[in-house]
Amino acid sequence: MLDTVQALKEKMVLACKVLQKQGVLDGYGHLSARLPGDRILSTPHMPPGKVALRDIIVIDMQGKKLEGAGEPNGETPMHTSIYKARPDVQCILHYHPDEVIAVSVASEGIKVVANCGVHFYRGTPIYDSPLLIRNHERGDQVAATLGDRNAVLLRGHGGTVVANDLDKLLRLGIDLVRAARIQMMAASLGPAKTHTQAECEEMVKGHDRPDTNRRYIDYYISEVVD
Ligand SMILES: [Zn+2]
């Protein structure tokens, strides 16, 4: 990862502020980022939207705290299991937005009915249990359910998104909630048309270009900084 540890911590705090401002966080949920040497930066056991730079802790791949004053979150095993299973994943957001919880019980996951949902066209598999991910066995099950996708829904509980950088993660974190919300709005009007596979593939083609998320992210950042 190109960012220094300090820059990474600052980006994590900013991402948490943005997510808080957008109303997609509650008192729980957590954000983490991979460091070299099998270490992980994580928000600690406190509301993620209230986290300051000094609060970010360092944990190892077993979830044990290495640095920082706070304690690891109870659902840390979800993060460590995903990092072990997915070497490409550099950061993870787990949260409990109402819209994501609602879609998680509808058994089909996110249907791409709006452009903000195209990130998820390869599917958002559902981990079929509302129990919190407090041990490595459940963490491994969530990682297996996620597979090679960028989002997994947890039935009646919330969602987890993964990415290879924090800008992309922030975008996925906001767009998963928007996609869920629009899906529900469209459903209330009758049968909804979904994007075709070809349309989704065409739209996501350019998503991995450098700085492709810049304008999107900068808008949300401008809402939380002067
Ligand atoms: Zn949770």
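The values are calculated or read from the model by the stated rules, or taken from the named source; none is laboratory data. These numbers come from a predicted model, not from an experiment. FYI the Cβ positions are ideal-geometry reconstructions off the backbone, even for glycines, and counts take in every protein chain you see. Note: areas computed on protein heavy atoms with side chains; ligands, DNA, RNA excluded. Shrake-Rupley method; radii C 1.70, N 1.55, O 1.52, S 1.80 Å.
Kindly indicate the residue of segment 93-109 that is among the β-branched types (Val, Ile, Thr) and out of contact with any Leu (no Cβ under 7 Å at 6 or more places or on another chain) and also most open to solvent (accessible area, probe 1.4 Å) among those meeting that condition. Top of the filtered list is 105. Quick check, is residue 24 touching a residue at least 40 places away in the same chain (Cβ under 8 Å), closer than 28 Å to residue 189 by Cα and away from the ligand (no atom under 16 Å from the Cβ)? Against the criterion (touching a residue at least 40 places away in the same chain (Cβ under 8 Å), closer than 28 Å to residue 189 by Cα and away from the ligand (no atom under 16 Å from the Cβ)), residue 24 does not qualify. Take residue 150 and tell me if it is more than 15 Å from the chain's Cα centre (by Cα) and under 28 Å from residue 14 (Cβ atoms). Answer is no for this residue. For segment 35-57, the count of residues that are in contact with a helix residue (DSSP H, G or I) (Cβ under 7 Å, 6 or more places away or on another chain), open to solvent by 10 Å² or more (accessible area, probe 1.4 Å) and at positive phi is zero.
Only residues that are in a helix (DSSP H, G or I) and out of contact with any strand residue (DSSP E or B) (no Cβ under 9 Å at 6 or more places or on another chain) were counted in segment 1-12, giving 3. The one condition from (1) more than 16 Å from the ligand (Cβ to nearest atom); (2) β-branched (Val, Ile, Thr); (3) not in a helix (DSSP H, G or I) that residue 152 does not meet is (1).
There is no residue in segment 89-98 that is touching a helix residue (DSSP H, G or I) at 6+ places or on another chain (Cβ under 6 Å), more than 20 Å from residue 48 (Cβ to Cβ) and in contact (Cβ under 8 Å) with a residue 24 or more places away in the chain.
Reported count of residues in segment 63-84, each being surrounded by fewer than 16 Cβ atoms within 10 Å (Cβ to Cβ) and without any contact (Cβ under 8 Å) to a residue 40 or more places away in the chain, is 5. Considering segment 207-220, and only residues there that are under 14 Å from residue 169 (Cβ atoms) and modelled with pLDDT of 85 or more, the residue that is least open to solvent (accessible area, probe 1.4 Å) turns out to be 217.
Residue count for segment 84-108 under the criterion of being closer than 30 Å to residue 13 by Cβ and more than 16 Å from the ligand (Cβ to nearest atom): the result is 8.
Among the candidates 31, 35, 2, 25, which residue alone is over 24 Å from residue 131 (Cβ atoms), at pLDDT 95 or above and not aromatic (Phe, Trp, Tyr)?
Details: 31 fails: over 24 Å from residue 131 (Cβ atoms); 2 fails: at pLDDT 95 or above; 25 fails: over 24 Å from residue 131 (Cβ atoms).
Unique residue meeting the criteria: 35.
Taking residues in segment 134-155 that are within 16 Å of residue 76 (Cα to Cα), and partners anywhere that are within 12 Å of the ligand (Cβ to nearest atom) and part of a helix (DSSP H, G or I), the pairs with Cβ atoms closer than 6 Å and at least 6 places apart or on different chains are 135/77; 136/77; 139/77; 139/78; 142/78.
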